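The values are calculated or read from the model by the stated rules, or taken from the named source; none is laboratory data. Small disclaimer: the values here were computed from a predicted structure and weren't measured. Here Cβ is always computed from backbone atoms with ideal geometry, including for glycine, and neighbour counts include all displayed protein chains.
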Amino acid sequence: MPRLKASTAKLVGLLLVFICLGFVVQQLLGLDLQQIPSERWFDLSLVVLVGALLYGLVSLSLSYTWRHLLSWSDGTRAPAGLCHGIYGRSQLGKYLPGNIFSIAGRHVLGRRSGMGDRALLWAAALEILGMAFIAALLFAFGAADLGGTSQLVEVPLLAMALVVPLVLPWIMRAVLQRMPKLQPYGLPARGFGAYLRLYGTFFLYLPFFLCTAALLWWLLHEATDGQAPSFLIVLSVSAGAWLAGFVTPGASGGIGVRDALLILALKPFAGDAIVFAALAYRLLTILGDIVYFLVALAFPIEAASMTDDTRDTEPSR
């Protein structure tokens, strides 16, 4: 039964991906590319190239946060260079069918470097939880400007931000119950302060989401000749589209789903220019991941000694 559910979810996800890709192609075919001045193409190309470099550099914050999650998971701290090298090399795996090979790649490379299974498994689970939480938070934060229902959005947003650290222990238990493979790698006893530190670690994902939204806004600014919507709107839509692509089974790198949602949500604000901006943004992120991969090659991957960091661990009673 679980396999049937997983197969069904993957099939539905792939169907959604094809529908979204069809929508994006239909939007592109409906445009008159000859109406775009040659200077505009040059400006967009420049933004893509510069933006790819910035995207690759800000992606280092992902491996920095992963290092903290590894430390929180089992009390060992891996060298920073090793974490950058592993994460950057594995990140291109997200473009392979299945949308899981980046995580699997980090696990394989991490084990070869001397990291434990418990740290790697929990870091992966916490990464999914943390990035989804921050993306949802940013989407809700800007959704007020999208729909004009500020109080309806901001009050639940504030409540969610305050409640999450209080319920993290129960969330972790639920993760254990839903993922049997993690049960043999249960976490040590943790105090409430440890969960507060974990909650704070999640916010280390903010630079990545803020920078990627800024790059999308920059593309829109060039594509619309300075008539881009507010950054808050772009931030909300960018985070929401990222989250939708992230949770869609089979959407490798969020392809199709993320692009279609960007076009649908921002077209009322930016018109047809969002189609160019969304496709340019997709190219920018792919090139940015390649830049991140090349940067990661500067950090060698080899077996390393892990230093002990047990400040978050309480003795079991």
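Here is a list of conditions, (1) in contact with a strand residue (DSSP E or B) (Cβ under 9 Å, 6 or more places away or on another chain); (2) crowded, with 19+ Cβ neighbours inside 10 Å, and Gly116 meets all of them except one; can you say which number that is?
For Gly116, the exception is condition (2).
Please enumerate the residues belonging to the stretch 92-123 that are under 19 Å from Phe293 (Cα atoms) and free of Cβ contacts under 8 Å to residues at least 60 places away in the same chain.
Gly93, Ile100, Phe101, Ser102, Ile103, Ala104, Gly105, Arg106, His107, Val108, Gly110
Go through (1) among the small types (Gly, Ala, Ser); (2) closer than 24 Å to Gly256 by Cβ; (3) in contact with a Phe, Trp or Tyr (Cβ under 8 Å, 6 or more places away or on another chain) one by one and return the number of the condition Ser102 breaks.
If we test Ser102 against (1) among the small types (Gly, Ala, Ser); (2) closer than 24 Å to Gly256 by Cβ; (3) in contact with a Phe, Trp or Tyr (Cβ under 8 Å, 6 or more places away or on another chain), just (3) comes out false.
Just to verify a result, which residue in the stretch 234-292, among those that are part of a helix (DSSP H, G or I) and among the hydroxyl-bearing types (Ser, Thr, Tyr), is surrounded by the most Cβ atoms within 10 Å (Cβ to Cβ)? If you could, list the steps in order and put the result at the bottom.
Residues of the stretch 234-292 that are part of a helix (DSSP H, G or I), as a first pass: 234-247, 252-254, 257-270, 273-292.
This time we only want the ones that are among the hydroxyl-bearing types (Ser, Thr, Tyr), so: 236, 238, 252, 281, 285, 292.
Working: Ser236: 23, Ser238: 29, Ser252: 19, Tyr281: 26, Thr285: 23, Tyr292: 24.
So, considering only residues that are part of a helix (DSSP H, G or I) and among the hydroxyl-bearing types (Ser, Thr, Tyr), the one surrounded by the most Cβ atoms within 10 Å (Cβ to Cβ) is Ser238.
Would you check which residues across the stretch 102-119 are of a type in the set (A, V, I, L, M) and modelled with pLDDT of 90 or more and list them?
Val108, Leu109
Anything in the stretch 169-219 that is in a helix (DSSP H, G or I), in contact with a Lys or Arg (Cβ under 9 Å, 6 or more places away or on another chain) and modelled with pLDDT under 75? List them, or say none.
Hits for the stretch 169-219 are Pro169, Met172, Leu182, Pro184, Tyr185.
Test of understanding: among Gly226, Gly245, Gly256, which residue is more than 25 Å from Leu53 (Cβ to Cβ) and out of contact with any strand residue (DSSP E or B) (no Cβ under 9 Å at 6 or more places or on another chain)?
The match here is Gly256.
Just the residues that are surrounded by fewer than 22 Cβ atoms within 10 Å (Cβ to Cβ) and either in a helix (DSSP H, G or I) or modelled with pLDDT of 90 or more (or both), please, taken from the stretch 80-101. Let's see the steps before the verdict.
First, the residues of the stretch 80-101 that are surrounded by fewer than 22 Cβ atoms within 10 Å (Cβ to Cβ): 80-81, 89, 92-98, 100-101.
Across the stretch 80-101, the qualifying residues are Ala80, Gly81, Arg89, Leu92, Gly93, Lys94, Tyr95, Phe101.
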